[in-house]
Amino acid sequence: MTAEGSRPDLPADVTVERATPGDRLDVLRVLDAAMLSTDAATVDSRIDAGDALVARSARTDGVVGALVAVRPGPDRLHVDAVAVRRARRGEGIGAALVAAALDRGASDPAVAAVTATFDAELRGFYEGLGFAVRPAGGADDGADGRSERLEGRISADGRERY
């Protein structure tokens with residue numbers, strides 16, 4: 001469901017899968033290390049719903065990345081937080097996690113779009129995955145006149161547009 005229609009390449013030792021209750025602490029640690037604020041209750045509910053994903057190293061069986069998606073409405077899956085351990089950044093793990101969330105949205109007939117809100121420096125990351133990007137609603141403009149927060153949206157079923 002990415003712009004090219006395929007999943008980004010992952011390092012050979014990494015797989016992306018749904019998080020399990022046993023991954024809870026690792027998910028919270030990865031998000032906390034990236035200074036993302038997603039509370040434990042949200043992580044628990046998203047793991048139970050199947051909307052939390054982990055990137056796992058086959059070599060160590062450790063969680064090297066995590067994504068938590070929420071459902072702000074019945075027709076939308078929103079990437080609430082995505083993070084990769086510092087030592088593994090730049091390997092395509094974050095892109096693979098977001099691509100897996102896009103696949104999750106596409107597999108749910110109720111989901112019309114997958115969305116994300118993010119800092120402006122991540123614009124290229126999300127555009128590279130096929131998201132249409134615009135300034136986040138109500139966001140303040142930075143000193144250069146550009147919004148500091150952006151929102152991205154991609155249709156889960158090919159019908160919805162910005």
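Residues are listed down the side, and each one gets a yes or a no for (1) open to solvent by 10 Å² or more (accessible area, probe 1.4 Å); (2) charged (D, E, K, R); (3) within 15 Å of the chain's Cα centre (by Cα):
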position	(1), (2), (3)
V98	no, no, yes
R104	yes, yes, yes
D108	yes, yes, no
A112	yes, no, no
A116	no, no, yes
D119	yes, yes, yes
L122	yes, no, yes
G128	yes, no, yes
P135	yes, no, no
(request) Would you mind finding the one in V111, V82, V64, V98 that is over 20 Å from D9 (Cα atoms), of a type outside the set (S, T, N, Q) and free of Cβ contacts under 8 Å to residues at least 60 places away in the same chain? (result) V111
(request) Taking R46 as the residue in question, decide whether it is open to solvent by 30 Å² or more (accessible area, probe 1.4 Å), within 15 Å of the chain's Cα centre (by Cα) and at pLDDT 90 or above. (result) yes
(request) Kindly list the number of the only condition in (1) in contact with a Leu (Cβ under 8 Å, 6 or more places away or on another chain); (2) surrounded by fewer than 23 Cβ atoms within 10 Å (Cβ to Cβ); (3) of a type outside the set (D, E, K, R); (4) at pLDDT 95 or above that fails for V79. (result) (2)
(message) Please go through (1) open to solvent by 70 Å² or more (accessible area, probe 1.4 Å); (2) closer than 24 Å to F131 by Cα for L31 and return the number of the only condition it doesn't satisfy.
(response) (1)
(request) Would you be able to tell me the number of residues in region 49-72 that are under 20 Å from A106 (Cα atoms) and open to solvent by less than 20 Å² (accessible area, probe 1.4 Å)? (result) 10
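More than 13 Å from the chain's Cα centre (by Cα), modelled with pLDDT under 95 and open to solvent by 10 Å² or more (accessible area, probe 1.4 Å): is that true of R146 in this structure?
yes
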(message) Can you tell me which residue is modelled with the lowest pLDDT among those in region 2-18 that are closer than 16 Å to R85 by Cα and touching a Lys or Arg at 6+ places or on another chain (Cβ under 9 Å)?
(response) P11
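The values are calculated or read from the model by the stated rules, or taken from the named source; none is laboratory data. Keep in mind that what you see is a predicted model, and the values were worked out from it rather than measured. Cβ atoms come from the backbone with ideal geometry, glycine included; neighbour counts cover every protein chain shown. For accessibility, only protein heavy atoms count, side chains too; no ligands or nucleic acids. Shrake-Rupley method; radii C 1.70, N 1.55, O 1.52, S 1.80 Å.
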